[in-house]
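Encoded as structure tokens, the structure appears first; notes follow it.
The values are calculated or read from the model by the stated rules, or taken from the named source; none is laboratory data. Keep in mind that this is a model prediction, so the values were computed, not measured. Cβ placement follows ideal geometry from the backbone for every residue including glycine, while neighbour counts extend to all protein chains displayed.
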Amino acid sequence: MSQVYDGGVRVKSLRMGGIDLSAFQITQEHHARAEVLHLVGSLDAHTSSEVEDRLEQLLSAGAPALVLDFSLVDYVSSAGFGVLLNALHAFGLTGADIKIARISERVYRLFATLGFHKIFDMRASIAEAIDSFEFLGADADSGSGAS
Amino acid sequence: MAAGLPEDERHLGPIGVVATLSALAAVRATVAEFATRNGAPIEFADDLILAVDEVCANIVSHGYADPDVEDAAFTVELLARDEGIVVVVRDRGEAFDVQLAPAPELADWIARGKKGGLGIKLIKMLVDDVRYRRIDGINEVTLSKRLPGVFSS
């Protein structure tokens with residue numbers, strides 16, 4: 001039965017031009033009215049736990065409003081969708097809200113395949129996402145500092 | 001599909017993959033490259049990549065959930081046919097019949113906010129045919145995705 005594995009190269013991980021394709025990057029940007037997470041990479045079974053951990057931290061810290069910058073997210077699998085949906089439920093229970101901004105056409109199509117484009121509030125820009133949060137007595141930061 | 005390519009361009013693998021979650025990106029890149037080279041439209045390729053990724057993620061997370069398994073690995077084989085692309089994934093982990101596995105209704109899944117089951121749902125939604133068989137301790141999942149407008153005879 002070992003011939004099953006004799007087909008060729010054994011792949012461990014893929015690096016192209018020094019970039020590890022399986023890596024995922026999260027940077028957080030604080031705005032007066034919302035936290036913005038810039039996500040870079042593929043949201044799959046390998047990387048979604050990193051996003052899950054960060055979202056849980058923000059939830060326990062009591063973040064009332066969160067924008068997920070999807071402009072550099074090139075892929076989402078069921079694991080990623082699961083994390084996003086759980087976060088939407090969990091934040092919703094605390095009265096907090098999550099928006100997705102700057103999603104690419106290709107990733108949007110994956111959301112639409114599942115009907116998730118109707119569940120998540122998606123905005124064209126980070127500033128628009130921040131402005132769309134409903135706050136009582138919110139201050140004036142419109143998120144213009146977003147990259 | 002790929003009528004102009006020589007036969008060896010239309011068949012890739014089986015490629016051996018170490019069963020780790022960090023290898024999934026490489027599998028996706030391989031499927032993407034093969035589908036594109038064989039003329040698949042981008043939406044077709046994206047759907048196929050996601051379905052294959054879900055099959056492989058299941059193998060890593062569930063088929064080889066036992067940490068004592070040595071040399072946990074699986075293989076991916078790609079075949080371009082005139083009517084579409086066929087992907088065969090084989091592993092020696094726990095038996096799991098993806099063909100028979102229940103797929104949740106999306107509305108229920110969303111309402112429950114649970115993670116489990118969505119991968120199975122995606123596989124069944126994104127390809128035209130899913131087949132499973134276990135032979136001599138090897139699980140074999142065959143995914144077939146037809147090009148739009150091409151119907152099985």
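For the reader, a short list of remarks on this structure follows.
- The number of residues in the range B:122-142 that are surrounded by fewer than 16 Cβ atoms within 10 Å (Cβ to Cβ), within 13 Å of another protein chain (Cβ to nearest Cβ) and outside any helix (DSSP H, G or I) comes to 4.
- Residue match in the range B:22-34 (condition: in contact with a Ser or Thr (Cβ under 7 Å, 6 or more places away or on another chain), crowded, with 17+ Cβ neighbours inside 10 Å and more than 8 Å from chain A (Cβ to nearest Cβ)): no
- Residue in the range B:60-79 that is among the acidic types (Asp, Glu), assigned to a strand (DSSP E or B) and modelled with pLDDT of 90 or more present: yes
- Residues in the range B:5-22 that are touching a strand residue (DSSP E or B) at 6+ places or on another chain (Cβ under 9 Å) and touching a residue at least 12 places away in the same chain (Cβ under 8 Å): B:LEU5, B:GLU9, B:ARG10, B:HIS11, B:LEU12, B:GLY13, B:PRO14, B:ILE15, B:GLY16, B:VAL17, B:VAL18, B:ALA19.
- Residues of the range B:1-21 classified as more than 7 Å from chain A (Cβ to nearest Cβ) and at pLDDT below 90, total: 9
- Residue within the range B:54-65 that is in contact (Cβ under 8 Å) with a residue 12 or more places away in the chain, surrounded by fewer than 20 Cβ atoms within 10 Å (Cβ to Cβ) and more than 23 Å from A:GLY80 (Cα to Cα) present: no
- Among (1) crowded, with 22+ Cβ neighbours inside 10 Å; (2) over 18 Å from B:ILE120 (Cβ atoms), the one test that B:VAL69 misses: (1)
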